[in-house]
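The values are calculated or read from the model by the stated rules, or taken from the named source; none is laboratory data. What you see is a predicted model; the values in this text were computed from it and never measured. A quick note on method: Cβ atoms are made from the backbone with ideal geometry, for glycine too, and the neighbour counts reach across all protein chains shown.
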Amino acid sequence: VNAAAARAAEEREQRARVAAAEREQIKADAVAARRAEHEHAVANRAKNEATKAELQAAVDRKKAEEVQAQAEERRYNEDYMRLMDEQEAARAAAVKARAVKLRAAFERAGGVAMEADLAAAAARDEA
């Protein structure tokens, strides 16, 4: 009876040790899982911050390119308008000079034919 009781007590102690070891392993596994989740979260956060910084840099770069393109377009338009104004002034001066020349020729010739030519030339210049 004593041997059976000792064996039963030994088995109970063995089961208790195994159960305690299993509980400790479960706790250790849970701690390791939490640590891994935390490390994964930290890595994800760092990756997200890096991605956000990259995207912001791309947005900033795009804005700078747009501002530069607008400035270039504005300069081009200003240069073009200046050129058009210069050409218009040159054309107006040429028309005026031609009118003066034709008027002088008309006054020298004094004829009706010259008056008709002047009207035709003026119509051509205005067109």
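Go through the stretch 1-58 and give me each residue that's assigned to a helix (DSSP H, G or I), loosely packed, with under 10 Cβ neighbours inside 10 Å and not polar (S, T, N, Q). Give the steps one after another, and end with the answer.
Taking the stretch 1-58 first, the residues assigned to a helix (DSSP H, G or I) are 2-58.
Filter once more, so that each one left must be loosely packed, with under 10 Cβ neighbours inside 10 Å: 2-5.
Of everything in the stretch 1-58, those that are assigned to a helix (DSSP H, G or I), loosely packed, with under 10 Cβ neighbours inside 10 Å and not polar (S, T, N, Q) turn out to be Ala3, Ala4, Ala5.
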Tell me, which residue of the stretch 100-117 that is of a type in the set (A, V, I, L, M, F, W, C) and modelled with pLDDT of 75 or more is surrounded by the most Cβ atoms within 10 Å (Cβ to Cβ)? Leu102
